[in-house]
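The values are calculated or read from the model by the stated rules, or taken from the named source; none is laboratory data. What you see is a predicted model, and the numbers here were worked out from it, not measured in a lab. Cβ sites come from the backbone with ideal geometry, for glycine too, and all protein chains shown count toward neighbours. Heavy atoms of the whole protein, side chains included, go into the accessibility calculation; ligands, DNA and RNA do not. Shrake-Rupley method; radii C 1.70, N 1.55, O 1.52, S 1.80 Å.
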Amino acid sequence: MAAATALPVSLSGRFKGSFAYVTIKDRLPQILTRVIDTLHRHKNEFFEEHGEKGVEAEKRAISFLSKLRNELQTDKPLTPLGDELADAAEWNQYLDYQRNLSNGNGEPSWFQSPWLYVECYMYRRICSALAQNPPIDNFDVFKEGKAQNFFESQQAIIALCTYFQELLKNIKDLDEKQLQGELFKLLQVALWGNKCDLSFSAGEDSSQKSSALQSLEDLIPYILVNDMEKLWSLLINAKKRTTDKSVVRVDIILDNAGFELVTDLVLADFLLSSKLADEIHFHGKSIPWYVSDTTKHDFNWTIKQLQSANHMWMSRCGINWEGNLKKGVWVYHDHMFWTLPHEFSSMAKVAPDLYADLQKSNLLLFKGDLNYRKLTGDRKWEYTVPFYQALNKFHPAPLCSLRTLKSDTQVGLKPGQGEQIQASEPEWMINGKYGVVQFDAAV
């Protein structure tokens, strides 16, 4: 029995030439260089706000980050965190855990340890470089890029808000089949909105310039696992079973800010307006993370930007969404667990409070590639391994991953499906061209 349950090896930079190796060798140092440049560029602003203290803090943070970049490029052992943030002890415990795993085969290091761990560790060390250097300790080094993505995606955001506000005018008159069609459309918009990932492009422009709605039909063949029907039947059955006292709750575990976040907010509003759900819980990151991930500031900022837009339908969306938050039918959370290095199969043990909260949900929607990697443990799975098995006992509630593929782990495919694409498109797992809407019923 043990052999059947043995987990495959973690993706890692020790596999030369693998996507993990190339990411650690090329993309992560580029991201650190951009972070250092960002701090340089804000030197005057730090001086204006904090005087000499601000400039000194900026210099020290840059020297922390330059040291970090050097450690990464020379495959140095990972070191314990030196800050006082609430999660530091948890991170340092995880480093000990990785040391024990290596069975005396050397210290955990950038190219030898699991890719998922070292990549998360890099973002936590960026946070640490600022945390240890007040008064600039609350500066989000990725904020500009996230705002730029939002502004550069204006046309697509206007198109989506316009489409959605038109839809709301007659949503009450839609029959079940039409409602299903609209849900599928907005699920696909939320899926492909995930193409806008700044860590994937090392922070280069990845804004959505065209309307996502125009190309949906053409993109259906690129959805490798399409469980939208299962989502529909789960939601419609939950709605039919509700009594006056019961509430249908959907949770969205967010990924990127910018255009993708707007697609998530539209989907969330649709679920409420169509009465497929009664409340939506959003889960974001408690620290700046993976270049473009949504923090509480990004979430609130986006809604405020929409509210104050001089476009009628954008502004209507922003006003309604602010209202949803005030009424408590939208709730935002940012549990520390989402920015720890753990795969989700450890959640019940590491963050039992979060696991218990997710168990109250009727459906968990996990956005994006990093969430998929954490759902499946970021391992070298065979393509045909069932999603349920790869989740490795993580089943708090029915869940669905909406993910465009940007890293080389994928499960739940039909026999031969992965090999067939591989033959004509060797880059299929990392070029963001393919997606999945992959469901697990949690029973």
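Key figures for this structure:
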item: Qualifying positions in the stretch 60-78 - out of contact with any Leu (no Cβ under 9 Å at 6 or more places or on another chain) and either among the basic types (Lys, Arg) or within 15 Å of Arg41 (Cβ to Cβ) (or both); result: Arg60, Lys67, Lys76
item: Checklist (1) closer than 17 Å to Gly435 by Cα; (2) among the hydroxyl-bearing types (Ser, Thr, Tyr); (3) within 18 Å of the chain's Cα centre (by Cα) applied to Thr339, failing item; result: (1)
item: Any chance Glu107 is more than 23 Å from Gln30 (Cβ to Cβ) and not polar (S, T, N, Q); result: yes
item: Strands (runs of 3 or more DSSP E) contained entirely in the stretch 210-303, each with at least 2 residues that are open to solvent by 10 Å² or more (accessible area, probe 1.4 Å); result: 223-226, 279-283
item: Checking Lys169 against (1) farther than 26 Å from Val411 by Cβ; (2) at pLDDT below 95, the condition it does not meet; result: (2)
item: Test: residue in the stretch 306-326 that is in a helix (DSSP H, G or I), in contact (Cβ under 8 Å) with a residue 40 or more places away in the chain and under 30 Å from Gln420 (Cα atoms); result: no
item: Set Glu84, Glu152, Glu90, Glu144: member being within 25 Å of Thr409 (Cβ to Cβ), touching a residue at least 24 places away in the same chain (Cβ under 8 Å) and not polar (S, T, N, Q); result: Glu90
item: Some residue of the stretch 358-375 being at pLDDT 95 or above, more than 13 Å from the chain's Cα centre (by Cα) and over 29 Å from Leu183 (Cα atoms); result: no
item: Of residues in the stretch 102-151 being open to solvent by 40 Å² or more (accessible area, probe 1.4 Å) and in contact with a Lys or Arg (Cβ under 7 Å, 6 or more places away or on another chain), the one farthest from His342 (Cα to Cα); result: Pro135
item: Index of the failed condition, Leu7 passing every other in (1) of a type in the set (A, V, I, L, M, F, W, C); (2) in contact with a helix residue (DSSP H, G or I) (Cβ under 7 Å, 6 or more places away or on another chain); (3) open to solvent by 30 Å² or more (accessible area, probe 1.4 Å); (4) assigned to a loop (DSSP other than H, G, I, E, B); result: (2)
item: Considering residues of the stretch 361-417 that are of a type in the set (Phe, Trp, Tyr) and part of a loop (DSSP other than H, G, I, E, B) only, the residue most open to solvent (accessible area, probe 1.4 Å); result: Tyr383
item: Answer from Arg27, Arg41, Arg60, Arg14 - the residue that is among the charged types (D, E, K, R), out of contact with any Ser or Thr (no Cβ under 7 Å at 6 or more places or on another chain), closer than 24 Å to Lys146 by Cα and touching a residue at least 24 places away in the same chain (Cβ under 8 Å); result: Arg27
item: Selected residue (only one of Leu325, Leu358 is open to solvent by less than 40 Å² (accessible area, probe 1.4 Å), over 25 Å from Trp192 (Cβ atoms) and not basic (Lys, Arg)); result: Leu358
